[in-house]
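In what follows, a single structure is set out as structure tokens and then discussed.
The values are calculated or read from the model by the stated rules, or taken from the named source; none is laboratory data. Only a predicted model underlies this, so the values are computations on that prediction, with no experimental measurement involved. Neighbour counts run over all protein chains shown; Cβ positions are idealised from the backbone, glycine included. Ligands, DNA and RNA are stripped out before the accessible areas are found, and what is left, the full protein with its side chains, is counted by its heavy atoms. Shrake-Rupley method; radii C 1.70, N 1.55, O 1.52, S 1.80 Å.
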Number of protein chains: 4
Amino acid sequence: MAGNTFGKIFSISSFGESHGAAIGCIVDGCPAGLPLDETDIQPELNRRRPGQSRYTTQRREQDQVEILSGVFQGKTLGTPIALMIKNHDQRASDYDNLKDVFRPGHGDYTYFKKYGFRDHRGGGRQSARETAARVAAGAIAKKFLAQFNISIRAYLSQMGDIKIEAQNFSWDEIEKNPFFSPDASKNESFEQLIQSLLKQGNSIGARVSVEAHGVPVGLGEPIFNRLDADLAQALMSINAAKAVEIGDGVDVVAQTGTEHRDEMSPNGFLSNHAGGILAGISSGQVIKAHTSFKPTSSIRIPGQSIDSAGNSVEVITTGRHDPCVGIRAVPICEAMMAIVLMDHWLISFGNRPSLRD
Amino acid sequence: MAGNTFGKIFSISSFGESHGAAIGCIVDGCPAGLPLDETDIQPELNRRRPGQSRYTTQRREQDQVEILSGVFQGKTLGTPIALMIKNHDQRASDYDNLKDVFRPGHGDYTYFKKYGFRDHRGGGRQSARETAARVAAGAIAKKFLAQFNISIRAYLSQMGDIKIEAQNFSWDEIEKNPFFSPDASKNESFEQLIQSLLKQGNSIGARVSVEAHGVPVGLGEPIFNRLDADLAQALMSINAAKAVEIGDGVDVVAQTGTEHRDEMSPNGFLSNHAGGILAGISSGQVIKAHTSFKPTSSIRIPGQSIDSAGNSVEVITTGRHDPCVGIRAVPICEAMMAIVLMDHWLISFGNRPSLRD
Amino acid sequence: MAGNTFGKIFSISSFGESHGAAIGCIVDGCPAGLPLDETDIQPELNRRRPGQSRYTTQRREQDQVEILSGVFQGKTLGTPIALMIKNHDQRASDYDNLKDVFRPGHGDYTYFKKYGFRDHRGGGRQSARETAARVAAGAIAKKFLAQFNISIRAYLSQMGDIKIEAQNFSWDEIEKNPFFSPDASKNESFEQLIQSLLKQGNSIGARVSVEAHGVPVGLGEPIFNRLDADLAQALMSINAAKAVEIGDGVDVVAQTGTEHRDEMSPNGFLSNHAGGILAGISSGQVIKAHTSFKPTSSIRIPGQSIDSAGNSVEVITTGRHDPCVGIRAVPICEAMMAIVLMDHWLISFGNRPSLRD
Amino acid sequence: MAGNTFGKIFSISSFGESHGAAIGCIVDGCPAGLPLDETDIQPELNRRRPGQSRYTTQRREQDQVEILSGVFQGKTLGTPIALMIKNHDQRASDYDNLKDVFRPGHGDYTYFKKYGFRDHRGGGRQSARETAARVAAGAIAKKFLAQFNISIRAYLSQMGDIKIEAQNFSWDEIEKNPFFSPDASKNESFEQLIQSLLKQGNSIGARVSVEAHGVPVGLGEPIFNRLDADLAQALMSINAAKAVEIGDGVDVVAQTGTEHRDEMSPNGFLSNHAGGILAGISSGQVIKAHTSFKPTSSIRIPGQSIDSAGNSVEVITTGRHDPCVGIRAVPICEAMMAIVLMDHWLISFGNRPSLRD
């Protein structure tokens, strides 16, 4: 398990390079009897899919998922569910000029140094294309958790300097704009920012927030597999992630104890600064996490770098790329939180479906 | 492995409650032949130990480590190294009044709900006392890594609103003040803040930064065990942690691509916004991570809560507690980064000492 | 990881049902730079493939392997290698009459009780068809190990009461007969036995021996991941396996200390009763393991059983089945030993190819 | 986790050298609320303890277990249970003459070659003394499983050529003789064999059988964590084990399909050749496994070997050793089966005690 498997009881093992034959994953540990077919997964992939609007990369991929195993007569068997997404739009020639060049901000240099050999086409394994496999796996976890009224939703909470505002927050808005923003009043600002970046050939960072509602108290194992620690690993493993926050996150540094601690009454908690996790274990409140994504490294503005022989080169990325990778990270954050929660749910309650009937 | 073991090849399995007989851990996977005795570990424990100054909790613990196995004639055997720290100062009666009460901000409620039964004395397993075991394990990892000129150091980078300043930064200052601060010009402000909090019976958050120098390019496994993802899990697993950042962290949200991407010349990288990790793999630059710690939940100012019968109660914590738990997290952050790096070092280079001779 | 992943650093995650769309696996942890394409894998699959002779099941499967990822320009990338084998000959209707019946000796009953729902077509996930995925993964491990002159070979050492004889042993014979027997003098007896069983509609058990040559001293981790313990898990995980022996195996019960212990001289060991493993660690001698396989459960002779409603039924298996499943286990035993040894090789020597250049 | 941890959800991490300060283990994953103190564990250790009769080694160890964590007010907390057994009788000088010598049949040579350095005192980590930690952990698993009427018992089924006979089998006899034999009619033969071996300074192998009664149908995960595969790893990991058999074991090689397959009637299975496991999953029948142990390698009869400089030496073991190590393996086999079953029980039913109330 050289890094491509995640989860203890419910697990995902991912495979595939950006411009290889296919990407996909094996989802292991889903209990038997869950109704499932491709139509449960495809809508999530469509949310993540590139080429959806001018605000995301224009690469045209159908991202059509095929279930190769683990489902029979429309229900999960309890056996591994293999998911495959074939790569169609493999305009690898876009990348020929980058074959021996290390693009700044990418893993080209580190992969080359680690492996001594790399697939330069679209970043190969480093590409965020791999996250489609996670979104597919996450769709299964979301469907499983929904049986217990656990739901997971993410949204764009900041792009550049523009933050959404709590008073304008509406879950209904999220799917109505190309930014996954819950604050309709910011759509125009986001659009102007993206337009300006496209013109410059530049890019911008973003912050994605994800929430889980309906999680029972008591999920999470002490110390190293605290729910927050597992979420931190899961969210930081997303391409371009540079920070993971739980609840009030970095703001806790400037808080006092009286401000931060969530007091309780017989009717429940009086606030949720902790983000629904206390001592690593879910408190029954809404679980809240935030991930900060760096600006897209592939931009049209020339940058200094070196080639594999160590010579100085100037790099311009001419391929089709998102000006803000954080936008498409919204369904990925949902997927990763769903995978973590389903794993912890199974650790607590077991994988025998009969128990829950 | 219900959450108390961390690491794939080099691992730590931790045990112990705050006021039980002992705490400790088993360190597995340390290659044979490393010179080691208690004097290599004790100084790190002393740095973390409570009761060192009036700025940290006045609980008096010797924190004397005993090596029970894995070392023979002053060298590691390659077998598990069991470390034990007996608990001496077990003024458990301090906690009698909290037996049936859920302290706000603590895991009392979540542990009770998860397990149906809990050790109320000083938080039991939830207590940050457990981190002494990690610091002991980390001392071994630090010594191992030092053989390859890899060094790990942490420092307090912010407390409340007070941030250290880059132009005053000095590694030499860190051990000279009770705050692990590298900026001597802030000592007075930190002291005043702590004094004021002690007077109020309140507490404050803090941010701890940790760096690894000398890490070779190529450590980290793709996707889920990216070096940054493993660091995120490791650092978020520390008590009171609410955010983990790599490199520029949350600041990347407002950065453009041209600002963020670290360009390269034949002489190396021209900047280090990424924090020494690209696509999850070490770049050969300094690795930088930051952890945000919430303010101590145990404070003297009364708070509303409930008891295990669901009745409303007022909680005042009268025990001995740090006004800023983040301070003592400095050696813990070092330990966790050392454990992650040693694990990845062994995955890359193997555990056979003969290979390295 | 609900049971379908094996290995710590070099791992295989398997998927697929006998009569589903495809079977296959993800091979993770293979170092970069190993020359690899389908032609390295296909010959091993052909050795295991059904329909090769009248002595094995007549199901016609091409067992054509496709590499979906992890290989670029004919070399491994260090990223996961996904292998897929499509199922073509899915005469599922053969199994319609068994839909609600538990075949004696099969996992029909246990799968039904565990999952509450099962794929009855050819045994679904319980089918030995799954082992094709392991053979494909094993081909990669064999090729990797061959770089270090480690070779793995298995053979049929017993079928029914007929044992091969040491004085007739020849590695060259193994691929020349349909039994994988190294003793040409037994071919006629094996043939007569099989013919007689085919006539009766009955089946017979078999013992398969596997050896690894060229394994360096020092592979294996103490206690639970001793090389023999990992081999025991790996070999016992093969369908129909009921015993795993190392070296002299069950014969050690009647041996005295002077008979069993392998004495040493300055020129090396004087015997190999231990099977090349001492205290769980390879000794540098030939590693020897043996697996006993039960007779095929699917036979034409009627047997008593029950259906899913608990009613008594008589079961006759009319599908195409091997009279001796042990024969085709020969390449599977090789594959499992190769996977175990490659995992331990990487634990000892690391996964960085540069180190070995 | 360099080999010293076993189990997915319920796990044991073992530590300690034969003549170091202490041995012990951390038991992780035991659900909260199980009544437990040292008196639940000590009797099992006493059964395994050396120095009990002249038939086992005369080393005098109290093997007094101390619970360091995980238990509060007589009940498990759900947190790691650390168990420590101090080493008292450390007559290490017995071993001084063996410091640079590789004893035949022991791991001295393989440990030296693997680690380049070893603890020669009584075999260090290779010593079967380590199994005391497993017996202690197994006592907890046995107590947990007993809540669900699952019981585990082992016995000596063969020593040298002497096999117990089914018609004389009595569970009541096992604790009444020093051999853990269920067949009183064989006591005299066993005694004569041991006396003769003691006189010669030689040793003999043994076979230990272990059964689990009351296991529900459906435990075990497909493919690599089949119940039989996990049992094979667990039992083969015991010192001196050379074979593991499930049900009819090696005898299946000579069986036909009609003989082996266990037919069913509406009243249940009509036989149990499979040993209670079908396709890796428990069938609800008695689970049966057998382990073959080699003769003790430490004997008084001189043997040829080499020293660490490669020179020829003659080795005579003068320390106190069992003439038949298999005898004391009886409680160890029980412990390992209990650990495997508890782990699988938790995977199926979860670790939340409230669910089971």
Residue check, residue C:111 against (1) in contact with a Lys or Arg (Cβ under 7 Å, 6 or more places away or on another chain); (2) assigned to a helix (DSSP H, G or I); (3) closer than 26 Å to residue C:245 by Cβ, all met but one. Which one? (3)
Looking at D:125, D:134 in this structure, which one is surrounded by 24 or more Cβ atoms within 10 Å (Cβ to Cβ) and in contact with a Pro (Cβ under 7 Å, 6 or more places away or on another chain)? D:125
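Does segment D:237-276 hold any residues that are of a type in the set (Asp, Glu) and at the interface with chain C (Cβ under 7 Å from one of its Cβ atoms), and which are they?
Going through segment D:237-276, the residues of a type in the set (Asp, Glu) turn out to be D:245, D:248, D:251, D:259, D:262-263.
Scanning segment D:237-276 gives D:245, D:248, D:262, D:263.
Give the residue, chosen from B:318, B:296, that is more than 25 Å from residue C:29 (Cβ to Cβ), assigned to a loop (DSSP other than H, G, I, E, B) and either of a type in the set (Asp, Glu) or more than 24 Å from the chain's Cα centre (by Cα) (or both). Steps first, please.
Working: B:296 fails: either of a type in the set (Asp, Glu) or more than 24 Å from the chain's Cα centre (by Cα) (or both).
Only one candidate qualifies: B:318.
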Any residue at all in segment A:314-336 that's open to solvent by less than 10 Å² (accessible area, probe 1.4 Å) and under 24 Å from residue B:159 (Cα atoms)? no
Identify, by number, the condition in (1) at pLDDT 95 or above; (2) open to solvent by less than 40 Å² (accessible area, probe 1.4 Å) that residue A:87 doesn't meet. (1)
Does any residue of segment C:164-173 turn out to be of a type in the set (Phe, Trp, Tyr) and open to solvent by less than 50 Å² (accessible area, probe 1.4 Å)? no
Within segment B:192-200, is even one residue within 14 Å of another protein chain (Cβ to nearest Cβ), under 23 Å from the mean Cα position of the chain (by Cα), under 25 Å from residue B:239 (Cα atoms) and of a type in the set (Val, Ile, Thr)? yes
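Considering only segment B:278-292, how many residues are buried (at least 24 other Cβ atoms within 10 Å of the Cβ) and in contact with a Gly (Cβ under 7 Å, 6 or more places away or on another chain)? Walk me through how you get there before you give the answer.
Initial filter on segment B:278-292 (buried (at least 24 other Cβ atoms within 10 Å of the Cβ)): B:278-283, B:287, B:289-292.
Next, from what is left, pick out any that are in contact with a Gly (Cβ under 7 Å, 6 or more places away or on another chain): B:278-283, B:287, B:289-290, B:292.
Residues that pass the stated criteria total 10.
So, residue C:187, is that one more than 14 Å from chain D (Cβ to nearest Cβ) and open to solvent by 10 Å² or more (accessible area, probe 1.4 Å) or not?
Considered against the rule, which asks whether it is more than 14 Å from chain D (Cβ to nearest Cβ) and open to solvent by 10 Å² or more (accessible area, probe 1.4 Å), residue C:187 comes out as yes.
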Just for segment B:270-325: of the residues that are in contact with a Phe, Trp or Tyr (Cβ under 7 Å, 6 or more places away or on another chain) and free of Cβ contacts under 8 Å to residues at least 24 places away in the same chain, which one is nearest to residue A:110 (Cα to Cα)? B:278
Would segment A:202-214 turn up any residue that is facing chain B (nearest Cβ under 10 Å) and surrounded by fewer than 21 Cβ atoms within 10 Å (Cβ to Cβ)? yes
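Does segment A:255-270 include one or more residues that are closer than 19 Å to residue B:332 by Cβ and open to solvent by less than 10 Å² (accessible area, probe 1.4 Å)? Can you show your working first?
Taking segment A:255-270 first, the residues closer than 19 Å to residue B:332 by Cβ are none.
No, there is no match, as no residue in segment A:255-270 is closer than 19 Å to residue B:332 by Cβ and open to solvent by less than 10 Å² (accessible area, probe 1.4 Å).
Those residues that are hydroxyl-bearing (Ser, Thr, Tyr) and in a helix (DSSP H, G or I), I need them from segment C:236-267; list them, please. Spell out how you get there, then give the answer.
Start the filter on segment C:236-267 by keeping residues that are hydroxyl-bearing (Ser, Thr, Tyr), which leaves C:237, C:256, C:258, C:265.
Selection gives C:258 alone.
Please indicate, with yes or no, whether at least one residue in segment A:27-41 is within 16 Å of the chain's Cα centre (by Cα) and under 25 Å from residue C:66 (Cβ atoms). Even if it seems obvious, please write down each step before you answer.
At the first step, the residues of segment A:27-41 found to be within 16 Å of the chain's Cα centre (by Cα) are A:41.
Narrowing the set further to residues that are under 25 Å from residue C:66 (Cβ atoms) leaves A:41.
Among the residues of segment A:27-41, at least one is within 16 Å of the chain's Cα centre (by Cα) and under 25 Å from residue C:66 (Cβ atoms), which makes the answer yes.
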Take the conditions in contact with an Asp or Glu (Cβ under 9 Å, 6 or more places away or on another chain), crowded, with 16+ Cβ neighbours inside 10 Å, within 27 Å of residue C:21 (Cβ to Cβ) and touching a residue at least 24 places away in the same chain (Cβ under 8 Å) and apply them to residue C:139. Does it pass? yes
All positions within segment B:283-307 that are at the interface with chain A (Cβ under 7 Å from one of its Cβ atoms) and in contact with a His (Cβ under 8 Å, 6 or more places away or on another chain): B:294, B:295, B:296, B:297, B:299
Please go through segment D:17-41 and pick out each residue that is facing chain B (nearest Cβ under 7 Å), surrounded by fewer than 21 Cβ atoms within 10 Å (Cβ to Cβ) and not hydrophobic (A, V, I, L, M, F, W, C). D:33
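Before we move on, is residue C:116 at pLDDT below 95 and either out of contact with any Leu (no Cβ under 9 Å at 6 or more places or on another chain) or on the phi > 0 side of the Ramachandran plot (or both)? Explain how you work it out, then say what you get.
Values: at pLDDT below 95: yes; either out of contact with any Leu (no Cβ under 9 Å at 6 or more places or on another chain) or on the phi > 0 side of the Ramachandran plot (or both): yes.
Yes.
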Taking segment C:280-325 as the search range and keeping residues that are touching a helix residue (DSSP H, G or I) at 6+ places or on another chain (Cβ under 7 Å) and charged (D, E, K, R), which one is modelled with the highest pLDDT? C:294
Could you list, in sequence order, the residues of segment B:114-129 that are of a type in the set (Ser, Thr, Tyr) and either within 8 Å of chain D (Cβ to nearest Cβ) or in contact with a Lys or Arg (Cβ under 8 Å, 6 or more places away or on another chain) (or both)? B:115
In this structure, is residue C:331 more than 10 Å from chain D (Cβ to nearest Cβ) and in contact (Cβ under 8 Å) with a residue 60 or more places away in the chain? yes
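Suppose the filter is closer than 30 Å to residue B:215 by Cα, of a type in the set (A, V, I, L, M, F, W, C) and within 14 Å of chain A (Cβ to nearest Cβ); does residue B:132 pass it?
Details: closer than 30 Å to residue B:215 by Cα: yes; of a type in the set (A, V, I, L, M, F, W, C): yes; within 14 Å of chain A (Cβ to nearest Cβ): yes.
Answer is yes for this residue.
Consider residue D:144 carefully, then state whether it is surrounded by fewer than 24 Cβ atoms within 10 Å (Cβ to Cβ), more than 7 Å from every other protein chain (Cβ to nearest Cβ) and at pLDDT 95 or above.
Numbers: surrounded by fewer than 24 Cβ atoms within 10 Å (Cβ to Cβ): yes; more than 7 Å from every other protein chain (Cβ to nearest Cβ): yes; at pLDDT 95 or above: yes.
Spelling it out, residue D:144 is indeed surrounded by fewer than 24 Cβ atoms within 10 Å (Cβ to Cβ), more than 7 Å from every other protein chain (Cβ to nearest Cβ) and at pLDDT 95 or above.
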Cβ-Cβ below 9 Å, separation at least six or inter-chain, first residue in segment C:334-346 and farther than 19 Å from residue B:8 by Cβ, second open to solvent by 10 Å² or more (accessible area, probe 1.4 Å) and among the aromatic types (Phe, Trp, Tyr): which pairs? C:336/C:6
